[in-house]
1. Which condition does residue 252 not pass, out of (1) aliphatic (A, V, I, L, M); (2) modelled with pLDDT under 95; (3) within 30 Å of residue 99 (Cβ to Cβ), if it passes all the others?
2. For residue 208, work out the one condition from (1) surrounded by 15 or more Cβ atoms within 10 Å (Cβ to Cβ); (2) of a type outside the set (A, V, I, L, M); (3) touching a helix residue (DSSP H, G or I) at 6+ places or on another chain (Cβ under 8 Å) it doesn't fulfil.
3. Can you find even one residue in the range 183-201 that is assigned to a strand (DSSP E or B), open to solvent by less than 40 Å² (accessible area, probe 1.4 Å) and at pLDDT 95 or above?
4. Based on this model, can you work out whether residue 41 counts as in a helix (DSSP H, G or I), in contact (Cβ under 8 Å) with a residue 40 or more places away in the chain and closer than 29 Å to residue 161 by Cβ?
5. I'm told residue 225 meets every condition in (1) open to solvent by 20 Å² or more (accessible area, probe 1.4 Å); (2) within 26 Å of residue 239 (Cα to Cα); (3) touching a strand residue (DSSP E or B) at 6+ places or on another chain (Cβ under 8 Å) except one. Can you identify the failing condition by its number?
6. Could you list, ordered by first residue, the pairs with Cβ atoms under 6 Å in which the first is in the range 104-125 and in contact (Cβ under 8 Å) with a residue 40 or more places away in the chain and closer than 14 Å to residue 68 by Cα and the second is assigned to a strand (DSSP E or B) and among the β-branched types (Val, Ile, Thr), at least 6 apart or interchain?
Amino acid sequence: MTRKDGMRGIFAYGGCVTRDSFEAIEADYSLVGYVARQSLISAAHQPISVPNHAFQLNSRFQQRQLRGDIESSLFPSLRDALPQCDAVILDLVVERFGVRKYQDGFLTRTNELARSQLGGSLTSAHPAIRFATDRHFKLWSYGARQLFNVLEGEDALGRTVVFETPWASRTRNGVELAGFRNHTSDEMNVLYRPYYEYLRELGIRVERFPDAVVLSDDNHQWGPAPYHYIPEAYEWMAGIVRDIPPRETRPIHSPGSENHSQSH
């Protein structure tokens with residue numbers, strides 16, 4: 001993806017929350033990169049080698065995201081996008097799925113994986129690592145450190161925001177929502193807490209949704225769910241993004257010259 005002239009560039013990673021928020025700012029921002037449905041655990045470990053037919057899906061978007069997960073594409077994609085990127089926005093919704101060990105890497109246990117030929121071939125030889133277990137948190141923490149290193153190395157921490165998105169337990173109209181894999185929304189929020197705390201400890205900016213917007217939209221385009229929020233939530237996110245200062249022009253030094261610069 002290439003930044004459009006006259007617009008700020010933005011990179012989005014995570015689940016539907018960050019992508020849905022883009023609609024609130026698309027008049028001013030150009031999406032220069034988007035990686036979804038890929039755990040930080042998958043991103044931080046070795047790519048997996050499988051034949052193309054193993055991840056064929058009817059949806060091109062879903063197939064592209066599954067392929068990205070197999071190829072551990074997040075960090076290369078982020079590095080490629082950062083030179084034209086004014087903001088990096090992330091959420092952790094995808095981590096709820098957990099991962100499975102495969103070859104020397106990991107696969108995110110998404111619905112797309114389950115529907116693929118690759119997912120159908122998984123056995124007990126490819127153990128599942130569930131979200132919020134000690135093993136999952138340890139592997140994820142390693143991925144979080146790799147994320148921090150990429151952002152710090154590219155001087156991008158100041159333009160990065162992770163959105164802490166508490167799961168809603170009901171819609172705006174009061175309809176109670178089902179949780180996830182036998183966990184209520186309140187229980188999921190407790191399980192997520194150490195993940196956000198770890199990012200803060202690393203020095204990555206984390207912004208938590210105000211309680212007033214932690215409601216699911218009865219008319220959300222993908223249907224009500226604990227992480228499908230009312231429009232005010234995305235407007236609040238848009239306000240945070242708009243307050244991120246644009247990337248600065250950085251000097252590039254060459255032998256015998258101290259006066260060259262290039263806009264990133």
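The values are calculated or read from the model by the stated rules, or taken from the named source; none is laboratory data. Every value quoted in this text rests on a predicted model; they were computed, and no experiment measured them. Please note: Cβ atoms are built from the backbone with ideal geometry, for glycine as well, and neighbour counts cover all protein chains shown. Ligands, DNA and RNA are stripped out before the accessible areas are found, and what is left, the full protein with its side chains, is counted by its heavy atoms. Shrake-Rupley method; radii C 1.70, N 1.55, O 1.52, S 1.80 Å.
1. (3)
2. It is condition (1) that residue 208 fails.
3. Step one: filter the range 183-201 for residues assigned to a strand (DSSP E or B), giving 183.
Still in the list and also open to solvent by less than 40 Å² (accessible area, probe 1.4 Å): none.
Within the range 183-201 (the criterion being assigned to a strand (DSSP E or B), open to solvent by less than 40 Å² (accessible area, probe 1.4 Å) and at pLDDT 95 or above), the answer is no, since none of the residues qualifies.
4. Values: in a helix (DSSP H, G or I): yes; in contact (Cβ under 8 Å) with a residue 40 or more places away in the chain: yes; closer than 29 Å to residue 161 by Cβ: yes.
Here the answer is yes, as residue 41 does meet what is asked.
5. The number of the failed condition is (1).
6. Close Cβ pairs (under 6 Å, with a partner that is assigned to a strand (DSSP E or B) and among the β-branched types (Val, Ile, Thr)) amount to 106/99; 108/99.
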